[in-house]
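Chemist: Please see the structure below; I have some questions.
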Amino acid sequence: MKEIRFHGRGGQGVVKSAQIIVQTVVESGLYGQFIPFFGVERKGSPVFGFLRIDDSEIRVKCQVYNPEVLMIFDDTLLKMPQTFAGLEENAIVIINTTKNIEDLNLPDIKMKVYTVDATGIALETIEKDIPNTAMLGAFAKATELVNWYILKDKIKLAFNEDNVMSAQLAFERVKLSK
Amino acid sequence: MDKNKIVAISGNKSAAIGAALSKPDLIAAYPITPQSSVVEALADMIAKGELDSNMVHVESEHSAMSVVQGATVAGGRTFTATSAQGLALMFEPYFRMSTLRLPMVMAIATREMTSPETVWSGQQDAVTVRDAGWIQMFAENNQEILDMVIQGYKLAEHKDVLLPVNVCYDGFYLSHLTERFEIPRQELADEFLESYSCNHVTLDPDKPMAVDPLTSSEILWRYRKSHLEAMQNALEVIDEVDIEFDKVFGRKYGGAIDTYKIDDAELVIVTMGATTGTARVAVDKARDMGYKIGLLKVRFLRPFPSQKIKEVLNSKKAYAVIDKSVSFGWNTGVLYNEIKSAVSDLGRAITSMPAIGGLGGADISVDMLLDCIKKLDEESKNYNGQLATYWFE
Amino acid sequence: MSRNFITPIGDEGIYTLDTGSWRTFRPIMNKDNCVECGICMSFCPVGSITGNKQKIYAIDYKFCKGCGICAYECPSKAIDMVKEGD
Amino acid sequence: MNYIDLLRESEDLVTPGMSACQGCAAEMCLRRVLQVAGRNTIMTIPPGCMAGAGVVGWNFDNGLKVPVHIPLLDNTASFLSGVSNMYQRKNRQDVNIIAFAGDGATADCGFQSLSGAAERAEKFLYICYDNEGYMNTGFQRSSTSSKGSKTSTTPVGSAGGGKSQNQKYMPLILAMHNAEYVATASPSNMKDLVEKVTKGIEASKRGFAYIHIFSPCPTGWGHDTNLSIDIAKKAVKSNFFPLFEVDRGNWKLLDNKNPIPVSEWMVKLKKFSHLSDDDIIAIQDLADKRMELLRKLSS
C-alpha cells in the first residue's frame, strides 16, 4: 500500500485532485482511498488530506502518519512543522514552486524532491491560480502510481481540455531536483 | 443490462445514492457539517431529472423531521440526513417518529456534540439518542453505507418492525472519505425493495383516523410494550434482510454483528463504525506479534444484539471496547456499558477495558489500537474485572 | 395490529362528554318571536342549535353547555335563559 | 348559498360533546371551519385548548369525523408541509389540508416552522385561533397577548401591571411572506369568516393560506360566557382587531371610519380591569397606529 499526504490551501483544488487520483486508480482496477482534513472550508486556509493506493481492499480508515509521497501545493507550506512529519526514508516529495531547491530550506531528510511551477502552468493553461490539475501531471510523472491516460480522461471528465493541458505541461516540466 | 458501476466517491454521496436507489417520495433536510453533501447530491440528482422525489428545503432540522413525518403519514417513503446539533434540534419529532411507528431511513454523519464548539467526528450525537426508539446501525465503509440505506428501508417497513432506521457513519472519516465501492443497478434495488406506503398510521379522508389521540396510561404502556417487541423482532429481521440482500446483490454483512478472527481468540477488541476497518488491520498485526486477538464489530446499537454478543464473548478471556463517545455517568463510553450489561449474566466475570478515543475528530490509528491491545493483554493477566478507562491520546 | 397504533374513525367511535350536565341556565326558544334567521345556530359554540330545510331551528339539550350566547345575540330576543331546575 | 344556509345544511364534523369552556369562541370557529371544509379534509390541531378539549380523540375514540392529528406544539406547519407535498405528489389536490392552532403554537414556538412553510408556499390553510395566551395551561402570556393583559405570568402587583409589551401582529408578518392568501376574521362577523375560510381553502390549492381568528376566551379573559360574540364585535368595531384580507397581493380592509373607543370592549374584561385611563389611552394609540398602517397598505 502506498500512503500519500497532501498539503495545500483552501481554493487550490486539493480535495478534488486527490479524488481524481482515487477515481483513476479505481478505474485501473486498483483500490484507492482519500480522507480530507480541513478545519473550516475557507479559501487560503491550510488544507491537508490522506491518500492511499493499493491492489487490494483498503480497510484502514485513519490518517496517514508515514507517507511515502508528499504533495505540496504551495511552497509557503514547507515551513510548517507538520509538513514533513513522519516522512518515510526516500519518500517522493512534489513541490509547487518557482524557486530553486537550494532556496527552499528543506529539512535534512533523505528524500527525492520534484519541483514544478504548477501555479505558473495553471495561469498559462486555465488562466486561474488553481494548481491542482498541474500537480496531478507532476504526480503521475514523479510517482508512476497512476495510469497517465486514465488520469487525463478523469481530468477531462471533471474539468476540461485546458486542465488536461495543465497536467500535460506539468508532466513534461516536472524535474527531479534532489 | 447495465453492469453494476464501480465508483470512487464519498460516504455522503454513497448515502445519497442508497437513498435514491430506494426511490423516496420525499426528502427534507437542512445543511449541517459533515452531512450537507448528502442532500446536495440528492438535490443534484433531482435537478438533473435522475430522481423523481419531492425535495423540501426546510428552515431547520426540527422541520426536516416534521416534514418527513407528515409525508410518511400521508403515505410516502421518506429520507433525511443530519449530524450532531441538527439531531439534537430534531429530537422532539425524532422521538415521535419512532413512537408513531413510522418507517423511514435517516442517515447520520456522526459528529461530536458541542461544547466546546466542534464540527468534527465522534459518535456522541447518535449514541445519545439511542433510547429514542429508532433502529440504529453503524457502517464501516462507503459500500456498507449505501447497502444499509437500502436494507434500512426493507427493515423499517417490515410488518413485524415498522420502525424508523438510522444509518450512522463517522463524520469525515466516512462522510468525506472517497473510496472504491459498487453502485448496484436500479433493477436490483427494485427487485429487493417493494414500493411502500404506510397504511397502519395514515391521514387520509378516504380512510379517516385520529392519529395520536390523547391516550391514558392503561393503553400507553401497551404501545410501549409493542414497540419493544418490534425492536426485538427487528433482531431477527436484520438477519433475514441481510440474507435476502445477499441473494440479490451478492454481499452480506453478518446481520446485527460481525466478527473477525474471533474463533481462537482469547482477547477481543469491540468496535462500531469506521474504526472497525482500522481494527481489522490492527488485529492482523497483533496476531503477527503473537497476540491471540479477534474483533467484534457491533453493527446495530439498537436493537442491541446482546444474545449474539454474549455468545461471542462467552469463552473469551478479556475484551476492550473502543468508544467514540462518553457516558458521563459511568466514566466509560456508551458502547462499553451496553456490552458489559450483555455479558453480565454469563456467570463469570470477563476482564474488560473501556477505551475512549476519536472525540472531536481525533484519529484512531493502527498503532494506537495496537497499544490498546497490548494494554489489554498486560492488564488482563493480573486482574479479572473492569479495568481503568483507557484514553487514546 | 392497527390497535397498536391508531384509532379507526367513525361516527360510532366519536368521543363525547356529557357536556349537557355543565348547564346552569337553559336556553328556551320562544317560537312566536323567532324569525328563523339562524343567527343563534351560527353562533352556537357547541353545535347544539340545528335547523331543517324549512328553517325551523331547535335546541338539542344533550350537549348544550348553557353559555347563553344564543340568547344574547338573538336579534329578536326569542331565546330566554332559564335556571335549570326552575 | 348564503352563509346561514350553508351552515345549516353542512354536517358538524366535530364531536358534539367536547370539553371546551362554556362560551368558547375557538370551539365555535372550529365547528364552522369544518362545516365549510367538509369531509374531504385532513385536520391537524396542535397542543392547546382545542386539542386539550378532546377533538383529537381520547384513547380509541375520535374527536372529529375527519382524519385528525395532534402534531407537536412547534411543528404544525412543517408537519403539514410533508402531508401536503405527498397529496400534491399523489395528484389529490382536492383534499383540504388545514391546521387549526392556537396563538402559542403559531406565534411563539411554532413561528419558525410556520414562517418556513409560508416562505416555501406550501399548499395548505393555516388557521390561528388567537385567544391571546396559553389558555390550555392556565392563561400564561403569549407574544400575541395584548398590551396590559393580566395573565398568570404577567400578574398585577405593586411592581407590575400586566403585559408591558404590545402584541406581535402575526397577520402582517404572514402577509410579508408573500402568502397566497392572508386574512383576519372574527366570529362576530360570521358571514365574513365563512367567506374567508372558503377563500382560504381555495387559495391553499395554489399556495400558502393563513387566517388569523380573534377568539375571545371567557375563562382567561374574564368575561361572562354569553359575551364572547359581543366582545369580538366590539374589538372589530373599535379597530382593535381590524378585519382585512390580502388575496394574491390585493388588500381589502373593513374600515370603521367612526370606530368606538377600545375601552368599550376592554372594560368588560377582567384581564384589563387594572388598567388606568392613561394605560387605555396608550392602547388606543397603538390600535390607531396599526389601523393607520393597514389603511396605507390597503389604499
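Chemist: I'd like the chymotrypsin sites (Phe, Trp or Tyr not before Pro) in region B:314-382 restricted to DSSP loop residues with at most 12 other Cβ atoms within 10 Å, sorted by number. If you can, show how the numbers build up before the last one.
Modeler: Values: sites: B:TYR319, B:PHE328, B:TRP330, B:TYR336; in loops: B:PHE328, B:TRP330.
Within region B:314-382, the qualifying chymotrypsin sites (Phe, Trp or Tyr not before Pro) (loop, at most 12 other Cβ atoms within 10 Å) are B:PHE328.
Chemist: Dividing the alpha-carbon Rg of region D:44-132 by 2.2 N^0.38 Å yields what?
Modeler: Values: Rg = 12.8 Å, N = 89, 2.2 N^0.38 = 12.1 Å.
This ratio for region D:44-132 stands at 1.06.
Chemist: Also: According to a simple spin-label model (label point 7 Å from Cα along Cα-to-Cβ), what is the distance in nm between A:LEU176 and B:GLU191?
Modeler: Taking the simple label geometry, B:GLU191 and A:LEU176 are separated by 5.2 nm.
Chemist: Moving to a separate point now. To the nearest 10 square angstrom, how much accessible area does D:ARG248 have with a 1.4 angstrom probe?
Modeler: Only protein atoms counted, so the area is about 140 Å².
Chemist: In chain B, what percentage of the DSSP-assigned beta bridges are antiparallel, given to the nearest 5?
Modeler: 25 percent
Chemist: What number, in nm² with one decimal, is the all-direction average of the projected area of the convex hull of the alpha-carbon atoms of region B:85-230?
Modeler: 10.9 nm²
Chemist: Can I ask one more? Other chains' Cβ within 10 Å of D:125-138 residues: what's the mean?
Modeler: Going residue by residue through D:125-138 and averaging, the value is 0.
Chemist: Considering only DSSP beta bridges with both partners in region B:232-311, what is the antiparallel share in %, to the nearest 5?
Modeler: 45 percent
Chemist: Can you put A:LYS43, B:LYS375, C:LYS53 in order of accessible area, largest first, using a 1.4 Å probe?
Modeler: Reading off the accessible areas and sorting them downward yields A:LYS43, C:LYS53, B:LYS375.
Chemist: In the structure shown, do any of D:LYS199/D:LYS234; A:LYS61/B:LYS374; A:LYS2/A:LYS141; B:LYS252/B:LYS292; A:LYS16/B:LYS5 have a Cα-Cα gap over 23 Å, and if so which?
Modeler: Listed pairs above 23 Å: D:LYS199/D:LYS234; B:LYS252/B:LYS292.
Chemist: Counting only Cα atoms, I'd like the Rg/Rh figure for region B:294-393, Kirkwood definition for Rh.
Modeler: Rg/Rh: 0.94.
Chemist: Now for a different question. So which of D:LYS233/D:LYS257; B:LYS247/B:LYS310; B:LYS285/B:LYS340 end up more than 23 Å apart by C-alpha?
Modeler: B:LYS247/B:LYS310; B:LYS285/B:LYS340
Chemist: Let me ask something else about it. What value, in deg cm²/dmol to 500, does the helix sum -39500 (n - 2.57) over DSSP H runs of n ≥ 4 give at 222 nm once divided by the residues of chain C?
Modeler: -2000 deg cm²/dmol
Chemist: If one computes the Cα centroid of region D:239-296 and of region D:45-98, what distance in Å separates the two points?
Modeler: Region D:239-296 and region D:45-98 have Cα centres separated by 32 Å.
Chemist: Hey, could you get me the Stokes-Einstein D for region B:189-267, Kirkwood radius over alpha-carbon pairs, 4 °C and 1.567 mPa s, rounded to whole µm² s⁻¹?
Modeler: 77 µm²/s
Chemist: Just the number, please: Stokes-Einstein D of chain D in µm²/s, Kirkwood Rh from C-alpha pairs, 4 °C, 1.567 mPa s.
Modeler: Here the translational diffusion coefficient equals 68 µm²/s.
Chemist: State, in square angstrom and to the nearest 100, the accessible area buried between chains C and D, both chains counted, probe radius 1.4 Å.
Modeler: Buried area (both sides, nearest 100 Å²): 3200 Å².
Chemist: How do B:ASP264, C:ASP18 rank by accessible surface area computed with a 1.4 Å probe, from largest to smallest?
Modeler: Result, largest first: C:ASP18, B:ASP264.
Chemist: Where does each of D:ILE127, A:ILE101 land when they are ordered by accessible area, with a 1.4 Å probe and the largest first?
Modeler: A:ILE101, D:ILE127
Chemist: Can you pull the Rg over Rh of chain A, Cα-only, Kirkwood?
Modeler: 0.93
Chemist: So what is the calculated 222 nm ellipticity per residue for chain B, using -39500 (n - 2.57) for each DSSP H run with n of 4 or more, over all residues, to the nearest 500 deg cm²/dmol?
Modeler: -12500 deg cm²/dmol
Chemist: I've got another one for you. B plus A alone minus the pair: what accessible area, both sides summed, probe 1.4 Å, in Å² to 100?
Modeler: Chains B and A together bury roughly 2000 Å² of accessible area.
Chemist: When N is the residue count of the protein assembly as shown, what does its C-alpha Rg come to as a fraction of 2.2 N^0.38 Å?
Modeler: Dividing the Cα radius of gyration by 2.2 N^0.38 Å gives 1.13.
Chemist: Let me ask another. For chain B, max minus min Cα coordinate along each principal axis, in Å, sorted largest first?
Modeler: Dimensions of chain B along the principal axes of its Cα atoms: 69, 54, 44 Å.
Chemist: Taking springs between alpha-carbon atoms closer than 10 angstrom, which of A:ASN105, A:ASN163, A:ASN96 fluctuates most in the Gaussian network model of chain A?
Modeler: A:ASN105
Chemist: Here is a follow-up. With only alpha-carbon pairs counted, each pair once and no self-pairs, how large is the Kirkwood hydrodynamic radius of region D:216-299 in angstroms?
Modeler: 13.7 Å
Chemist: Which aspartates and glutamates, on any chain, are close to A:LYS152 with Cα under 17 Å apart, when same-chain ones fewer than 8 places away are left out?
Modeler: The reachable aspartates and glutamates, counting only those whose Cα sits under 17 Å from A:LYS152, are A:GLU27, A:GLU144, A:GLU161, A:ASP162, A:GLU172.
Chemist: Using a Gaussian network for chain B with springs between C-alpha atoms less than 10 Å apart, which of these wobbles most: B:GLY273, B:GLY360, B:GLY290?
Modeler: B:GLY290
Chemist: Here's something else I'd like to know. Leaving out ligands, DNA and RNA, calculate the buried accessible area for the pair B and D with a 1.4 Å probe, summed over both sides, in Å² to the nearest 100.
Modeler: By this definition, chains B and D bury close to 3100 Å².
Chemist: So what's region B:228-268 giving for Cα Rg divided by 2.2 N^0.38 Å, two decimals?
Modeler: 1.46
Chemist: Here is a further query. I need to check one value: relative contact order of chain B, counting alpha carbon pairs closer than 8 Å and at least 6 residues apart, in percent.
Modeler: With pairs under 8 Å counted, the relative contact order is 16 percent.
Chemist: With both bridge residues required to lie in region A:2-176, what share of the DSSP beta bridges run antiparallel, to the nearest 5%?
Modeler: Numbers: 17 of 31 bridges.
So the antiparallel bridges amount to about 55 percent of the total.
Chemist: Further question on the same structure: What does the highest-first list of B:243-249, B:112-118, A:116-122, B:5-11 look like by mean Cβ count within 10 Å?
Modeler: Details: B:243-249: 14.9, B:112-118: 13.1, A:116-122: 24.6, B:5-11: 21.3.
The peptides rank, most packed first, as A:116-122, B:5-11, B:243-249, B:112-118.
Chemist: While we're on this one: Using a Gaussian network model on chain A with a 10 Å cutoff between Cα atoms, which of A:ILE94, A:ILE35, A:ILE155 fluctuates the most?
Modeler: A:ILE35
Chemist: Separate question: Modelling each spin label as a point 7 Å along the Cα-to-Cβ direction, I'd like the B:LYS159/D:SER298 distance in nm, to one decimal.
Modeler: For the pair B:LYS159/D:SER298, the computed spacing is 5.7 nm.
Chemist: Per 5 Å bin from zero, what fraction in whole % of the C-alpha pairs of region D:155-299 is there, up to the bin with the longest pair?
Modeler: 2, 9, 18, 20, 20, 15, 9, 5, 2, 0, 0
Chemist: How much net charge surrounds A:MET111 when only other residues with a Cβ under 12 Å from its Cβ are counted (Lys, Arg +1; Asp, Glu -1)?
Modeler: Here the count lands on -1.
Chemist: Excluding B:MET55 itself, calculate the net charge of residues whose Cβ lies under 12 Å from the Cβ of B:MET55, where each Lys or Arg counts +1 and each Asp or Glu counts -1. Could the numbers behind the result be given before it?
Modeler: Working: positive: D:ARG89, D:ARG120; negative: B:ASP25, B:GLU40, B:ASP44, B:ASP52.
Computed value for this residue: -2.
Chemist: Give me the inter-chain shielding for B:73-80: mean count of other chain Cβ atoms within 10 Å, whole number please.
Modeler: Mean partner shielding for this stretch: 5.
Chemist: Another one. Looking at the square roots a ≥ b ≥ c of the eigenvalues of the Cα gyration tensor of region B:146-233, which shape do they give, rounded for a/c under 1.5, prolate if a/b is larger than b/c, or oblate?
Modeler: Cα axes put region B:146-233 in the prolate bin.
Chemist: Using Stokes-Einstein with the Kirkwood hydrodynamic radius over Cα pairs, what translational diffusion coefficient do you get for region A:1-84 at 10 °C and a viscosity of 1.306 mPa s, in µm²/s rounded to a whole number?
Modeler: D = 121 µm²/s.
Chemist: Convex hull over the alpha-carbon atoms of region B:270-314: what's its volume per residue in Å³? Before the final figure, lay out each step's value.
Modeler: Values: hull volume 2.4 nm³, N = 45.
Taking the convex hull of the Cα positions in region B:270-314, it is 53 Å³ per residue.
Chemist: Which percent of Cα pairs goes in each bin when the distances of chain C are cut into 5 angstrom slices starting at zero?
Modeler: Here the calculated profile for chain C is 3, 14, 22, 20, 13, 9, 7, 5, 4, 3, 1, 0.
The values are calculated or read from the model by the stated rules, or taken from the named source; none is laboratory data. Bear in mind that the values here come from a model prediction, so they are computed numbers and not experimental data. Neighbour counts run over all protein chains shown; Cβ positions are idealised from the backbone, glycine included. Remember, those area values only see protein heavy atoms, side chains included, never the ligands or the DNA or RNA. Shrake-Rupley method; radii C 1.70, N 1.55, O 1.52, S 1.80 Å.
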